[in-house]
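Report on one structure; see the data block that follows.
The values are calculated or read from the model by the stated rules, or taken from the named source; none is laboratory data. None of the values given here were measured: they were computed from a predicted structure. Please note: Cβ atoms are built from the backbone with ideal geometry, for glycine as well, and neighbour counts cover all protein chains shown.
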Amino acid sequence: MAIAGFSVKVGAKGSATGHAAYVARTGAYERYTEQGELLEASEHGNMPAWAEHDPSRFWQAADAYERANGSSYREFLISLPRELSPDERRGLVKDFVVEELGEVHAYQYAIHVPRASDGLDNPHVHLMFSERRVDGIARDPDQYFRRFNAAHPDRGGCQKGFGERPGVKLTTVERKAELKALRERWGACVNASLERTGHSVRVSMKSYADRGLDIQPEPKQLPSAWRGEGKAKILAFREARAAVLKSRSESDSNHST
């Protein structure tokens, strides 16, 4: 089974510019590529005219003009199949961008390929986008991020909201359901790409519990967790879990013969 990973992050006002540099591996973050990490692809789209050729201007404006205590971006951090070629991975990301963001949200993404703990590639994409919705009205940077004016859209900023019900405050249950549906759409997109390119592996975006598996999921790890003794603990956890899975697989096989 191909690797499945999909998380969502909301960036507070003031954090977009620095995070965009991190995603694009520019400025201080160029050191990652200098140390051997591959920046496999990078692209942006749906930007207003004043940021069309320089997305950093858009994120700078979001940090400057979004409301206090608001969010300046949302990000999907998604694992990509090792089985796909670089061009196929880029095509997969572009398909997902079209499906989820269309021409509605300004976005920027980059595919990073560092080394994983097993020594193989760890391709993943950072897809950051504005929750402001493009509506065809030309706005300067300071107006773009103002409060939306429903009666006179040209006098206010772009409406803010992502998903099927933009601007509607969701309950915790509704947010979880929306995220689950989003992850499932990504899984379908990945599997369609794998099938199209002739690979037999597939991803499952269901949790171990939803798949009826009594397996302890690996906790999320910050980069700092891989330093010192932390790395050894993580690798030991993975080895122990792999041994349990192998034992169960052999037991199931013996019972079926």
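Taken as a whole, region 96-110 holds at least one residue that is among the aliphatic types (A, V, I, L, M), in a helix (DSSP H, G or I), assigned by TED's automatic domain parsing to the domain that holds A24 and over 19 Å from Y32 (Cα atoms). Considered as a group, the residues in region 66-85 that are surrounded by fewer than 17 Cβ atoms within 10 Å (Cβ to Cβ) and closer than 13 Å to H124 by Cβ include one that is nearest to the chain's Cα centre (by Cα), and that residue is L77.
The C-beta contact set for region 36-47 (first residue touching a residue at least 24 places away in the same chain (Cβ under 8 Å), second residue surrounded by fewer than 16 Cβ atoms within 10 Å (Cβ to Cβ), distance under 6 angstrom, 6+ apart or interchain) comprises E37/P114; L39/T33; E40/P86; N46/E103.
If you go through region 124-139 and keep only what is surrounded by 17 or more Cβ atoms within 10 Å (Cβ to Cβ) and aliphatic (A, V, I, L, M), you end up with V125, L127, M128, V134.
When you look at A177, is it at pLDDT below 95, farther than 25 Å from E43 by Cβ, not charged (D, E, K, R) and not in a loop (DSSP other than H, G, I, E, B), yes or no? Outline the logic, then answer.
Working: at pLDDT below 95: yes; farther than 25 Å from E43 by Cβ: yes; not charged (D, E, K, R): yes; not in a loop (DSSP other than H, G, I, E, B): yes.
Criteria met by A177.
Selection of region 157-174 for residues being part of a loop (DSSP other than H, G, I, E, B) and surrounded by 13 or more Cβ atoms within 10 Å (Cβ to Cβ) yields C158, Q159, G161, F162, G163, P166, G167.
Residues of region 140-156 that are touching a strand residue (DSSP E or B) at 6+ places or on another chain (Cβ under 7 Å), surrounded by 13 or more Cβ atoms within 10 Å (Cβ to Cβ) and in contact (Cβ under 8 Å) with a residue 40 or more places away in the chain: Y144, F145, R146.
Do we find that K160 is touching an Asp or Glu at 6+ places or on another chain (Cβ under 8 Å), under 19 Å from G70 (Cα atoms) and charged (D, E, K, R) in this structure? Walk me through how you get there before you give the answer.
Details: touching an Asp or Glu at 6+ places or on another chain (Cβ under 8 Å): yes; under 19 Å from G70 (Cα atoms): yes; charged (D, E, K, R): yes.
So K160 fits the description; yes.
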